[in-house]
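Below is one structure, written out as structure tokens; comments come after it.
Any read-out appearing in this document is the output of simple, stated calculations on the displayed coordinates, not a laboratory observation. In this text the structure is predicted, and so the values were computed from the model without any measurement. Here Cβ is always computed from backbone atoms with ideal geometry, including for glycine, and neighbour counts include all displayed protein chains.
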Amino acid sequence: MEIRVWEAPGSGAALQSSSRTVQEPAAGEVVLEVLHCGLCHSDLSMIDNAWGLSAYPLVPGHEVVGRVVAVGDGVDPALLGDVRGLGWISGSCSHCLQCLGGDANLCPSLEATIVGRQGGFASHVTARQDWTISLPEGVAVADAGPLFCGGITVFAPLIDEAVSPTAHVAVVGIGGLGHIALQFAKAWGCRVTALTTNLGKAEEARRFGAHDVQLLEQLPDLAGRFDLVINTVNHPLDWPAVMASLAPRGRLHQLGAVLEPMQIAAFDLIPQRRSVTGSPTSSPASLLKMVEFCARHGIRPQVEHLPISQINDAIARLRRGDVRYRFVMDF
Ligand SMILES: [Zn+2]
Ligand SMILES: [Zn+2]
């Protein structure tokens, strides 16, 4: 099958359009004709080989919404025509302990959509059926792509850790992830505080669901306040102040890929039973729950649409933080 892709020929390079031939879907796989694909910070990290995982030419794009146009053996042909989302993960083994236990996102033989395979900045992308999620009525097709990486990343700490609706939740960073996290935490029933370095975003943060907006530098004044801090930023914070802001049994959940070690002292953890956790997106079951939750509560990413022909403009703008709050490329 002949398809079109937008690929980086080398580390940090601009994407170029080219055609390539791909195989028919294998057993258990579906082919999506890409309709929309969000641009995530992880695409930049992969284009730049910041994590040492990249193989070139690299086709990024892992916030896909597409229509099923071909199915492999064992997939119900009734899926043809269905509009589905695909995120960071495109396949797992489905027979290991983690897959069988409902933690397929922790599968040791996980396939990531843009690691060693062709991603969603393409006319078509292939994935395992169970990692493509049908969009329920009430979820806007054109804006849904960012839910499948950014969205599930911030839904995971709520759904997978069974956070109480009485919890006081702080979201650090009002960006691609944070603006969705605020909506989820508000709809969850929580008391929600947005922590930011830019009070210019305060009004929007309140619209997304924050009850309070505070400057990050004021964190030392907020000691003992939060049951859960969801940190979406990928640069070092004043870690002792973050830990001190947690209530007894409070938890810091780290989602931003900070490359430097995080300085956490034993006595940040022991006396008040505080903890630090992290998570890599979530399982297909949590994805299904997330899209239904979004439909029920009217949660949607705030996106700026651009045609795929302007992908390099979108990348340049994302690199300088010039986006509110996610680019979605249209095909
Ligand atoms: Zn597995
Ligand atoms: Zn992503």
* Search the structure for amide H atoms under 5 Å from the amide H of Arg225, placed 1.01 Å from N in the peptide plane, and list their residues when 5 or more places away or on another chain. => Leu246, Ala247
* Would you work out if the stretch 60-130 is rounded, prolate or oblate? Take a ≥ b ≥ c from the square roots of the eigenvalues of the alpha-carbon gyration tensor; rounded if a/c is under 1.5, else prolate when a/b is larger than b/c, oblate otherwise. => oblate
* Ranked packing of 312-319, 252-259, 20-27, most packed first, by mean Cβ within 10 Å -> 252-259, 312-319, 20-27
* **Residue-wise HN-Hα coupling along the stretch 318-325, computed from phi with Karplus coefficients 6.51, -1.76, 1.60 (Hz; x: Gly, Pro)** => 5, 4, 9, x, 8, 7, 10, 10
* Asked: Along the Cα-to-Cβ line of Ser134, 7 Å from the Cα, sits a label point; which residues in the stretch 59-81 have backbone N less than 18 Å from it?
  -> 65-72, 74-81
* Structure fact -> For the stretch 68-81, in residue order, the Karplus 3J(HN,Hα) values (coefficients 6.51, -1.76, 1.60; θ = phi - 60°; whole Hz; Gly and Pro = x) are 5, 10, 7, 10, x, 4, x, 9, 4, x, 4, 6, 4, x
* Structure fact -> Helix 178-188: inclination vs the chain longest Cα principal axis, degrees, rounded to 10, gives 70 degrees
* **Two-site label geometry, Cys93 and Thr166: point separation in nm, points 7 Å out along Cα→Cβ** => 4.2 nm
* Structure fact -> Mean separation of Cα contacts under 8 Å (at least 6 apart) over the residue count of the chain, i.e. the relative contact order in percent, is 18 percent
* Asked: With the chain treated as a Gaussian network of Cα nodes joined by springs under 10 Å, which of Leu15, Leu177, Leu199 yields the largest mean-square fluctuation?
  -> Leu199
* To do: Return the calculated 222 nm mean residue ellipticity for the chain, to the nearest 500 deg cm²/dmol, obtained by summing -39500 (n - 2.57) across DSSP H runs with n ≥ 4 and dividing by the residue count.
  => -6000 deg cm²/dmol
* To do: Compute the Cα gyration tensor for the chain, then decide on rounded, prolate or oblate, letting a ≥ b ≥ c be the square roots of its eigenvalues: rounded whenever a/c is under 1.5, prolate when a/b is larger than b/c in the other cases, and oblate in all that remain.
  => prolate
* Which distance in nm do the two modelled labels at Arg249 and Gln23 give, with both placed 7 Å along the Cα-to-Cβ direction? -> 5.1 nm
* Asked: Using modelled amide H (1.01 Å from N, peptide plane; none on Pro or chain starts), what sits under 5 Å from the amide H of His305, excluding residues fewer than 5 places away?
  -> Val328
* Asked: From the phi of every residue in the stretch 16-30, what ³J(HN,Hα) in whole Hz does the Karplus formula 6.51 cos²θ - 1.76 cosθ + 1.60 yield, where θ is phi - 60° and glycine or proline is x?
  -> 10, 8, 8, 10, 8, 9, 10, 6, 5, x, 6, 4, x, 9, 10
* Structure fact -> Amide H proximity to Ile89 below 5 Å, modelled H, separation 5+ or other chain, gives Thr113
* How high is the relative contact order of the stretch 178-331, in percent, with contacts defined as C-alpha pairs under 8 Å that are six or more residues apart? -> 17 percent
* **the chain, dipole about Cα centre (Lys/Arg Cβ +1, Asp/Glu Cβ -1), debye to the nearest 20** => 720 debye
